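The values are calculated or read from the model by the stated rules, or taken from the named source; none is laboratory data. What you see is a predicted model; the values in this text were computed from it and never measured. Methodologically, a virtual Cβ is constructed for each residue, glycine included, from the backbone with ideal geometry; neighbour enumeration extends over all protein chains shown. Areas reflect the complete protein model, heavy atoms only, side chains present, ligands, DNA and RNA absent. Shrake-Rupley method; radii C 1.70, N 1.55, O 1.52, S 1.80 Å.
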Amino acid sequence: MPPLLRPALLIALLGVAACDEVAVANDPVARAELRATKSCIAAVENETGVSGASINTTIPIIEVNQYIVNVPNAPYWTCITNDEGQAQTITQNQRG
């Protein structure tokens, strides 16, 4: 990668991340949800060593602070967060 392209790419990615935060700035519930999803994705990616994880929005969740995280070409994970949106427990599930 050319030396000047890397800083430009990093700035662009930070800008996109900041847009998420600004979009929910006046909604504390949405801010907590955003923190929780980011924390769960990061925890699962850290545990699996696989990037590209995402929150599953098709499996119904009835528990508060619980998220399903899809991992490319791997079983999905369940993530439980605390009320501040920090991942506390992650558990691998079997696809079925």
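The residues on offer are Ala87, Ala17, Ala32, Ala23, and the sole one that is modelled with pLDDT of 95 or more and of a type outside the set (Lys, Arg) is Ala87.
Cβ-Cβ contacts under 6 Å between residues 6 or more apart (or on different chains), taken from a first residue in the stretch 29-52 that is within 13 Å of Gln86 (Cβ to Cβ) to a second residue that is open to solvent by less than 40 Å² (accessible area, probe 1.4 Å) and in a helix (DSSP H, G or I), are absent. Looking across the stretch 29-59, the residues that are in a loop (DSSP other than H, G, I, E, B) and closer than 15 Å to Asn93 by Cα come down to Ala53, Asn56, Ile59. Out of everything in the stretch 32-56 that is within 11 Å of Val69 (Cβ to Cβ) and among the hydroxyl-bearing types (Ser, Thr, Tyr), what residue ends up being surrounded by the fewest Cβ atoms within 10 Å (Cβ to Cβ)? Out of the qualifying residues, it is Ser54. If we keep just the residues of the stretch 66-84 that are within 13 Å of the chain's Cα centre (by Cα), under 19 Å from Ala30 (Cβ atoms) and polar (S, T, N, Q), which is surrounded by the most Cβ atoms within 10 Å (Cβ to Cβ)? Going through the qualifying residues, I end up with Thr81.
Inside the stretch 85-94, can you point out the residues that are assigned to a loop (DSSP other than H, G, I, E, B) and either in contact with a strand residue (DSSP E or B) (Cβ under 7 Å, 6 or more places away or on another chain) or open to solvent by less than 50 Å² (accessible area, probe 1.4 Å) (or both)?
Gly85, Asn93
Going by the conditions given, is Val29 open to solvent by 60 Å² or more (accessible area, probe 1.4 Å) and of a type outside the set (D, E, K, R)? The answer is yes for Val29.
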